[in-house]
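Here the structure is laid out as structure tokens; the discussion comes afterwards.
Throughout, read-outs are computed from the coordinates displayed, never taken from laboratory work. Please read all numbers here as calculations on a predicted model, not as lab measurements. Here Cβ is always computed from backbone atoms with ideal geometry, including for glycine, and neighbour counts include all displayed protein chains.
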């Protein structure tokens, strides 16, 4: 049985709960990891403080709260991580099996698990680490893809796509034009980035009006990771992480959208059909 201690990543970004949201997001930008571990000072005995786990901050947490009316009255540089982080954080011990860690991630639909031993944060494991274990899986994506994905239009408002992502608990949406042609995609990171920048640049008195004019075409990424129906999960893994995406589109023989594959879908597939990949 492979345990978490063997794959724990000590380099996952860490911030303090009193850091500004803007600081935390700049770290996400720099590292390319949109999930950070949040620590706080805690007194464990008189005269002795240690840094302990306080929460987790992800792009989704930012999107969940930053799009609300309440926080539009200030800027990201004046907001603190403590107001956005996910608490209480779900964490695991270094002796947890990788299979059990994968099941927790899939069941809770989370992409990071801090690894804690004796109140000390050793690092964490990311869903992406586990999904990459399917890099030699020859299962065809047509057997696991979501055949009825949520989509967006280039002219949709960003706030609508934000609500679609939060309401459906997804992080990847293909974008279609007026002719139903696939032209791009949006991930939860683009939504978070656009909101952070918007809140930090646009004066508070103009935000309510101007944010209504922010549309998908302004923030979307072009040329989404693309797969054919007969392509394999191993190719999906390569294509998704080549672009550091949250998913890939699957197209039919004429290039029309047939479905999507995401890291969450791949992880569920591994757990249900290829658990041996987590036990090597």
*Specify the residue with the greatest mean-square fluctuation among 100, 117, 49, computed from a Gaussian network of the chain linking alpha-carbon atoms under 10 Å apart.*
49
*Does the chain come out rounded, prolate or oblate, given a ≥ b ≥ c as the square roots of the eigenvalues of its C-alpha gyration tensor, rounded meaning a/c under 1.5 and, failing that, prolate meaning a/b above b/c?*
oblate
_At 222 nm, what value in deg cm²/dmol follows for the chain if DSSP H runs of at least 4 each add -39500 (n - 2.57) and the sum is divided by all its residues, to the nearest 500?_
-9500 deg cm²/dmol
*In what sequence do 82, 93 fall when counting other Cβ within 10 Å, fewest first?*
93, 82
*Name all residues of region 243-260 having a backbone nitrogen under 12 Å from the label point set 7 Å from the Cα of residue 273 along its Cα→Cβ direction, giving them as ranges.*
none
_Gaussian network model of the chain, Cα within-10 Å springs - most flexible of 43, 250, 238_ = 43
*Using only the Cα atoms of region 4-133, build the gyration tensor, take square roots of its eigenvalues as a ≥ b ≥ c, and label the shape rounded, prolate or oblate: rounded if a/c is under 1.5, else prolate if a/b is larger than b/c, else oblate.*
oblate
*Pull out the extension gain between residue 150 and residue 138, defined as 0.36 nm times the separation in residues minus the alpha carbon to alpha carbon distance; nm, one decimal.*
1.7 nm
*Compute the separation of the alpha-carbon centres of region 100-125 and region 29-58 and state it in Å as a whole number.*
14 Å
*asked:* Taking 8 Å as the Cα distance limit and 6 or more residues as the minimum spacing, I'd like the relative contact order of region 4-133 as a percentage.
replied: 29 percent
*Let me have the relative contact order for the chain, percent, based on Cα pairs under 8 Å that are six or more residues apart.*
20 percent
*Given springs between every Cα pair under 10 Å in a Gaussian network model of the chain, which of 252, 118, 169 has the largest fluctuation?*
118
_Label point 7 Å beyond Cα of residue 157 along Cβ direction - residues of region 210-245 with amide nitrogen under 20 Å_ = 210-220
